[in-house]
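**Student:** The structure follows.
Every number here is computed from the coordinates shown, using simple stated rules; none is lab data. Fair warning: this is a prediction, and the values are worked out from it, not measured in the lab. Note that we place each Cβ from the backbone using ideal geometry, even for glycine, and neighbour counts take in every protein chain shown.
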Amino acid sequence: LEVGAGNAVLADLVESKLRLGRFPLILGGDHSIGIGSLAGILRAQPDTAIIWVDAHADLNTPAVSGSGNMHGMPLGIMMKELVPDRREIPGLEWMEETSSHGAAPPRLAPDSLVYVGLRDIDKDERRFIKALGIKTYTMYDIDHLGIGQVMDRALEHLLSKNPDRPIHLSYDIDAVDPLHAPATGTAVRGGLTWREAHFVAESVAKCGSLASAEIVELNPTLSDGQGASETIDLGHQLVNALMGECIL
């Protein structure tokens, strides 16, 4: 219930800022805040494309989740194909209501989502990704194609029909290898390198369509002093890259 109430507040705030022409930069917190950020974004700008940079797919639903952790469900909850009626989830009844601005309940179409960096996917999430045809670039694809090709293809997929549609980048710090970002709750070996992590942010900023962003799962208490400092520093640098800072 607390997760639902907090996300309702976040959704209203994000929607309001977008309607004022602002750029919401949301800092988490675990990835359950994606429920609120996506709800607000899709209410204000329903055509928004989503790039989800993460070690995990976050496509679970209450019906299939083994842990029941909401931070593994934000995308599943946004898809009508997986959760037809969110009033059945305690605390998320507001997601089936019209917003204070008159916006319809927010939903995310599978073809408006691209994953980058996945490497720890649950069995049911695998099934959902394949059944819904969600464009997915795992760490295998990054190893095989290189991060440049992956980001070019991700942006082409999302912008080919409408080059002017807004993009939201949701960046879970655990997408980065724990060698570079140890201060996170669900670290998985074999992630993005330091430069690959930056390139993801730089390439989305450079495309000119970035309208909102969030960085989540950065928790300094989950590592020693040096590890915490390195992860915080990386987080700062990724925010700078999203705001347009580049090498030259």
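**Student:** With the crude spin-label approximation of a point 7 Å out along Cα→Cβ, what separation in nm comes out for residue 9 versus residue 245?
**Tutor:** Simple spin-label model gives 2.9 nm for this pair.
**Student:** Quick one: compute the contact order of the chain, relative version, from alpha carbon pairs under 8 angstrom and 6+ residues apart, as a percent.
**Tutor:** Details: 457 pairs, mean separation 53.5, N = 248.
Once normalised by length, the contact order is 22 percent.
**Student:** Which cross-chain or sequence-distant (5 or more) residues have an amide H under 5 Å from the amide H of residue 210, H modelled 1.01 Å from N in plane?
**Tutor:** 167
**Student:** In whole Hz and in residue order, list the ³J(HN,Hα) couplings for the range 167-177 that follow from phi through the Karplus curve 6.51 cos²θ - 1.76 cosθ + 1.60, θ = phi - 60°; x for Gly and Pro.
**Tutor:** The phi angles translate into 10, 10, 9, 9, 10, 8, 4, 6, 5, 7, 4 Hz.
**Student:** Over the alpha-carbon set of the chain, divide Rg by the Kirkwood Rh and report the Rg/Rh ratio to two decimals.
**Tutor:** Reported Rg/Rh, Kirkwood definition of Rh: 0.94.
**Student:** In addition: Using modelled amide H (1.01 Å from N, peptide plane; none on Pro or chain starts), what sits under 5 Å from the amide H of residue 216, excluding residues fewer than 5 places away?
**Tutor:** HN-HN under 5 Å from residue 216: 28, 171, 172, 173.
**Student:** With a cap of 13 neighbouring Cβ atoms within 10 Å, and only residues DSSP puts in a loop, list the chymotrypsin sites (Phe, Trp or Tyr not before Pro) found in the range 70-164. Write down the numbers at each step before the final one.
**Tutor:** On the way: sites: 94, 115, 128, 137, 140; in loops: none.
Here no chymotrypsin sites (Phe, Trp or Tyr not before Pro) fit, given the DSSP loop and packing criteria.
**Student:** Using alpha carbon centroids, what distance separates the range 149-214 and the range 105-128, in Å?
**Tutor:** After rounding, the separation between the Cα centres reads 15 Å.
**Student:** Given the C-alpha atoms of the range 10-69, compute the convex hull and give its volume per residue in Å³.
**Tutor:** Convex hull of Cα atoms, per residue: 105 Å³.
**Student:** Follow-up. How big is the range 143-248 by Rg and Dmax over its Cα atoms, in Å?
**Tutor:** Reported Rg and Dmax, both Å: 14.2, 47.
**Student:** When we measure straight from the Cα of residue 80, which lysines land under 25 angstrom away, once same-chain ones fewer than 8 places off are left out?
**Tutor:** Result set, ordered by chain and number: 123, 130, 135, 161.
**Student:** What is the magnitude of the charge dipole of the chain about its Cα centre, with +1 placed on the Cβ of each Lys and Arg, -1 on the Cβ of each Asp and Glu, and no other charges, expressed in debye to the nearest 20?
**Tutor:** The calculated dipole for the chain is roughly 620 debye.
**Student:** Where does the range 75-153 land on Rg(C-alpha)/(2.2 N^0.38 Å)? Mind dumping the intermediate values first?
**Tutor:** Numbers: Rg = 15.7 Å, N = 79, 2.2 N^0.38 = 11.6 Å.
So the Cα radius of gyration is 1.36 times the expected 2.2 N^0.38 Å.
**Student:** Further question: log10 I(q)/I(0), Debye, Cα-only the range 119-202, no solvent, q = 0.21, 0.24, 0.26 Å⁻¹?
**Tutor:** Rounded to two decimals, the profile gives -1.19, -1.35, -1.39.
**Student:** Largest first and in whole Å, give the semi-axes of the range 2-101's equivalent ellipsoid, each being the square root of 5 times a Cα gyration tensor eigenvalue.
**Tutor:** The equivalent ellipsoid of the range 2-101 has semi-axes of 21, 15, 12 Å.
**Student:** Tabulate in residue order the Karplus-calculated ³J(HN,Hα) for the range 218-234, using 6.51 cos²θ - 1.76 cosθ + 1.60 with θ = phi - 60°, rounded to whole Hz; enter x for Gly and Pro.
**Tutor:** Each residue of the range 218-234 in turn: 8, 10, x, 6, 9, 8, 6, x, 5, x, 5, 5, 5, 6, 4, 4, 4 Hz.
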